[in-house]
Amino acid sequence: MNAPMEASAGIEVQPQPAPPSPGPTRVGRRPTTRCVWPTDYRNTCRRPTNLGHTCPEHVSLVRRNVGTLNCAWPGCTRRAWDRKGLCSFHWKVAFDLIDP
């Protein structure tokens, strides 16, 4: 029985070129995320956020509904079964788990 190195002695390994660099990066500035909370049927709040995709004012609206089965998202009729203030879908939208 041949050792594994002896069996592959005839194969030559070619060096691979290095992958291209990702380019310059920004240091020190975080891109501004805008609030996705709907203000009417066409527009969103668009204020700067500090948690996910929701501004501090709208996070306070969610906190008011914590402990109830109502979803705080305007116009939503789904239930917030986990009693976090938003239904499971709007929780994912508001806290940047899925894109709006």
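The values are calculated or read from the model by the stated rules, or taken from the named source; none is laboratory data. Because the structure is predicted, anything quoted here is derived from the model rather than measured. Positions of Cβ are generated from backbone atoms using ideal geometry, with glycine treated the same way; all protein chains shown enter the neighbour counts.
Among the residues making up region 40-59, those that are surrounded by fewer than 12 Cβ atoms within 10 Å (Cβ to Cβ) and either at pLDDT 85 or above or over 20 Å from the mean Cα position of the chain (by Cα) (or both) are 40, 41, 42, 43, 48, 57. On the stretch given as region 51-84, residues that are in a loop (DSSP other than H, G, I, E, B) and of a type in the set (Ser, Thr, Tyr) total 2. Scanning region 85-97 for residues that are modelled with pLDDT of 90 or more and in a loop (DSSP other than H, G, I, E, B) turns up 85, 86, 87. Only one entry in 73, 91, 81 is of a type outside the set (D, E, K, R), more than 13 Å from residue 33 (Cα to Cα) and in contact with a Pro (Cβ under 9 Å, 6 or more places away or on another chain), namely 73. Every condition in (1) modelled with pLDDT of 90 or more; (2) surrounded by 15 or more Cβ atoms within 10 Å (Cβ to Cβ) is met by residue 81 except one, and the failing one is (2). When the criteria are applied in full, residue 10 fails the requirement of being surrounded by 14 or more Cβ atoms within 10 Å (Cβ to Cβ) and at pLDDT below 85. Pairs linking a residue in region 72-98 that is within 20 Å of residue 51 (Cα to Cα) to a residue that is surrounded by fewer than 21 Cβ atoms within 10 Å (Cβ to Cβ) and among the polar types (S, T, N, Q), with Cβ atoms under 6 Å and 6 or more positions apart or on different chains, are 72/65; 85/65.
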